[in-house]
Amino acid sequence: MGDFHFHIASTLGLLLGACLAAGVFADLLHLPKVTAFLLVGLLVGPSVMDLIPEGHVERFEPVLEFAMAIVLFNLGCEFTFKKVRRIAAHCLAVSATEILCTCGLVTIGLRLFGCSGGTSLLLGCLAVATAPATTILVLKEFRSEGPVTESTGFLVAMNNFACIVLFEFAFLAIHLIQGKLEIPLTEQMGVLLLDIAGSVLLGLAGGLVVSYGCGLLRMTRWLVLLVATTTFLLGICESLDIPYMVTFLVMGVTVANTSDMKGKIVDELDHLSGLLAVVFFAVHGTQLDVGAFAAAGMVGVIYIVCRMLGKWLGVYAAARATRQPLEVRHWLGSCLFAQAGAAIALSSIAVARDPELGKPIQDIILGSVVLFEIIGPLFIRQSLLRTGEVPLAQAIHHTSRTPLEQVRELGYRFRTGLGRHSDPKGAVDQVGGKVKVSDLLRKTKGIHQSADFDAVISHIEHSHDNTYPVVDDRMRVVGVIRYPLLSNVMFDDSVTQLVRAEDLVSETDAILYPDDPAARAFELFEAETDDCIPVVTREEPHELQGVVRRSDVMHTLITRRRKSK
């Protein structure tokens, strides 16, 4: 056995395992999972613990580009021509103002601080870019819907397209002024326009292939078609050195407008994009350089402040001028702070073309993305909560099982697999009559029907049940709140003071009494999907005593049957 070397497969496993744990803590701390994954990467990367062997991160680059391509394809799939016309009617002015304001503020701010004109202009152009993967995946994580969510997707697409075009034209202008153009300006412009046209044509071709193929093939083969088309086009873009971000955005738009199965295609990709997102952000986090953030110094601070101000003020001014809703005015701008992939890639291009001009730009970009990638998802989450575009179930942390209950479940499944247990109905027949509901009772006072929104959320977060009895002043059960149904209740922070527990109640006919046999509870659970049933006194006014859990009924019946043998 030779010297031990940490294989790249182990590196991937380490990142995924760490991200799994980070996702649990993200739920507990109410953080977007994207932020947690980035922090994991930062923690195990060179900036902190340096657990990733040299060279491993670079070998993940094709996977990162593939993940970005999938995200952009998903984003493009949201834009049917009908939807684009509707959104463009109120978002084009907002997008144009935000782009100009961001670019202008950063350029002027850095120029006043003493940066050269070329550096200031290029950084102003790069400031326009918004990280599509970070922004879109946070929106998907929280399943948000509404005008801010819709406008964010449109502005992200416009920002990245505008950033690429502005950067290229700015570079041409700087080299023209400095007399560094090696070929005529018209020829340079022609190459730029040809690259963009090539990206668009590749995207159109890819979209048509996907639409045609998905209409021809069975759904079980769609994922192979999607991956094959995406990876092939990604390779062509790399070989021809054309912007792949435009290609996959156009590919998604093409599918959205040429296939009536767009929704199913996106759902099929979701099986893959979740895992890719974890890998993307974990690996991306290892590339964040805390030292670069510190080295950026005051120039970096000016860039960060001016960029955030430019995006927020640009959106606010345009939204107010066009009389858009208050939530769009106040919260849309803060959904655009995240920045990474496009800005980093373009700064690398700047270094390759002109090291003297590009190196300071790259240092500032690499330093600032450390902050933008971590705080960007936090701002998006806060904005979505404030606008009420997030389902209630996504805004709270809730677990349906305790760690001990999960251990019991694993043990039960293992013993069942060995044939140690028969049908649970047999356990009911043998010992169900001996065990009473009172033996299984878990005490709870329920939720008072007048409890406010915060009290309801607090109760859910501190409970391991998915069903919560709601009581009146006399402790009578007036209904239950079912956690699964909250996924369709939109969380609107502006009206939370008006919401009471009784507004979220569902009716229930499933009621138990303390002297009922456990067999009665078993029968009710067979007919119900709830995980627990309220237990009330037989005498008026039928006061709530507690609840009986489905898991407790099953565990007790099986355990007592085994002891009786």
Task: Filter result for I364 (over 30 Å from G117 (Cβ atoms), modelled with pLDDT of 85 or more and part of a helix (DSSP H, G or I)) - done: no
Open item on the list: Quick test of your reading of the structure: L126 fulfils all but one of (1) over 15 Å from S334 (Cβ atoms); (2) surrounded by fewer than 22 Cβ atoms within 10 Å (Cβ to Cβ); (3) in contact (Cβ under 8 Å) with a residue 12 or more places away in the chain. Name the failing condition by number.
Closed with: (2)
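Among the residues that make up the stretch 175-190, is at least one of them closer than 23 Å to D260 by Cβ and not acidic (D, E)? Step through it out loud before you land on a result.
Within the stretch 175-190, the subset closer than 23 Å to D260 by Cβ is none.
For the stretch 175-190, residues closer than 23 Å to D260 by Cβ and not acidic (D, E): absent.
Listed residues T220, T254; which is touching a residue at least 60 places away in the same chain (Cβ under 8 Å) and within 27 Å of the chain's Cα centre (by Cα)? It would help to see each step written out before you state the result.
Working: T220 fails: touching a residue at least 60 places away in the same chain (Cβ under 8 Å).
Every option except T254 fails the conditions.
Taking the conditions exactly as written (within 19 Å of A342 (Cα to Cα), of a type outside the set (K, R), in contact (Cβ under 8 Å) with a residue 24 or more places away in the chain and outside any helix (DSSP H, G or I)), does I236 satisfy them or not?
The answer is no for I236.
Pick out the one residue from A318, A295, A352 that is over 24 Å from the mean Cα position of the chain (by Cα), surrounded by fewer than 24 Cβ atoms within 10 Å (Cβ to Cβ) and touching a residue at least 40 places away in the same chain (Cβ under 8 Å). I'd like the intermediate steps shown before the answer.
Numbers: A318 fails: surrounded by fewer than 24 Cβ atoms within 10 Å (Cβ to Cβ); A352 fails: touching a residue at least 40 places away in the same chain (Cβ under 8 Å).
Going through A318, A295, A352 in turn, the sole match is A295.
Say we look at the stretch 257-267 and pick out the residues that are in contact (Cβ under 8 Å) with a residue 60 or more places away in the chain and out of contact with any Ser or Thr (no Cβ under 6 Å at 6 or more places or on another chain); which of these is nearest to V138 (Cα to Cα)?
If we filter the stretch 257-267 for residues that are in contact (Cβ under 8 Å) with a residue 60 or more places away in the chain, which is where we start, we get 257, 262, 265-266.
Filter again for out of contact with any Ser or Thr (no Cβ under 6 Å at 6 or more places or on another chain), leaving 262, 265-266.
Values: K262: 21, I265: 20, V266: 16 Å.
Per the criteria, the residue is V266.
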TODO: For the stretch 73-85, indicate whether the set of residues that are assigned by TED's automatic domain parsing to the domain that holds L249, modelled with pLDDT of 85 or more and more than 27 Å from S273 (Cα to Cα) is non-empty.
DONE: yes
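Yes/no per residue for (1) at pLDDT 90 or above; (2) in contact with a Ser or Thr (Cβ under 6 Å, 6 or more places away or on another chain); (3) over 17 Å from T135 (Cα atoms):
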{"site": "D241", "(1), (2), (3)": "no, no, yes"}
{"site": "M245", "(1), (2), (3)": "no, no, no"}
{"site": "L269", "(1), (2), (3)": "no, no, yes"}
{"site": "L272", "(1), (2), (3)": "no, no, yes"}
{"site": "H284", "(1), (2), (3)": "no, no, no"}
{"site": "V301", "(1), (2), (3)": "yes, no, yes"}
{"site": "A318", "(1), (2), (3)": "yes, yes, yes"}
{"site": "P325", "(1), (2), (3)": "no, no, yes"}
{"site": "Q339", "(1), (2), (3)": "no, no, no"}
Open item on the list: As an exercise: evaluate V227 against (1) within 22 Å of V278 (Cα to Cα); (2) crowded, with 18+ Cβ neighbours inside 10 Å; (3) modelled with pLDDT of 90 or more and give the number of the one condition it does not meet.
Closed with: (2)
TODO: Search the stretch 31-57 for residues that are assigned by TED's automatic domain parsing to the domain that holds F281 and pair each with any residue that is among the β-branched types (V, I, T) and in a loop (DSSP other than H, G, I, E, B) when their beta-carbon atoms are under 9 Å apart and the residues are at least 6 apart or on different chains.
DONE: G41/I52; L42/V48; V44/I52; G45/I52; P46/I52
Open item on the list: One residue is enough: does the stretch 135-151 have a residue meeting the conditions outside any loop (DSSP other than H, G, I, E, B), at negative phi and more than 22 Å from the chain's Cα centre (by Cα)?
Closed with: no
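For the stretch 536-549, name all the residues that are over 12 Å from V437 (Cα atoms) and surrounded by fewer than 22 Cβ atoms within 10 Å (Cβ to Cβ).
Start the filter on the stretch 536-549 by keeping residues that are over 12 Å from V437 (Cα atoms), which leaves 538-544.
Listed by number, the residues that qualify are R538, E539, E540, P541, H542, E543.
Being among the hydrophobic types (A, V, I, L, M, F, W, C) and at pLDDT 85 or above is the filter; apply it to the stretch 367-378 and report the residue that is surrounded by the most Cβ atoms within 10 Å (Cβ to Cβ).
Within the stretch 367-378, the first condition is being among the hydrophobic types (A, V, I, L, M, F, W, C), and the residues that meet it are 369-372, 374-375, 378.
Subset that is at pLDDT 85 or above: 371-372, 374-375, 378.
Values: L371: 18, F372: 22, I374: 19, I375: 16, L378: 18.
Among those that are among the hydrophobic types (A, V, I, L, M, F, W, C) and at pLDDT 85 or above, it is F372.
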Open item on the list: Filter the stretch 110-120 down to the residues that are on the phi < 0 side of the Ramachandran plot, of a type outside the set (V, I, T) and either at pLDDT 95 or above or surrounded by fewer than 24 Cβ atoms within 10 Å (Cβ to Cβ) (or both) and list them by number.
Closed with: R111, L112, F113, C115, S116, G117, G118, S120
Task: Among the candidates E168, E187, residue that is surrounded by 21 or more Cβ atoms within 10 Å (Cβ to Cβ), free of Cβ contacts under 8 Å to residues at least 60 places away in the same chain, assigned by TED's automatic domain parsing to the domain that holds I87 and of a type in the set (D, E) - done: E168
Task: the stretch 381-399, subset surrounded by fewer than 19 Cβ atoms within 10 Å (Cβ to Cβ) and at pLDDT 80 or above, residue farthest from D454 (Cα to Cα) - done: Q382
- [ ] Restricting attention to the stretch 496-535, report how many residues are surrounded by fewer than 18 Cβ atoms within 10 Å (Cβ to Cβ) and in a helix (DSSP H, G or I).
- [x] 5
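The values are calculated or read from the model by the stated rules, or taken from the named source; none is laboratory data. The shown structure was predicted, so the numbers you read here are calculated from the model rather than taken from an experiment. Glycine also receives a Cβ, built like all others from the backbone with ideal geometry; neighbour counts cover every protein chain displayed.
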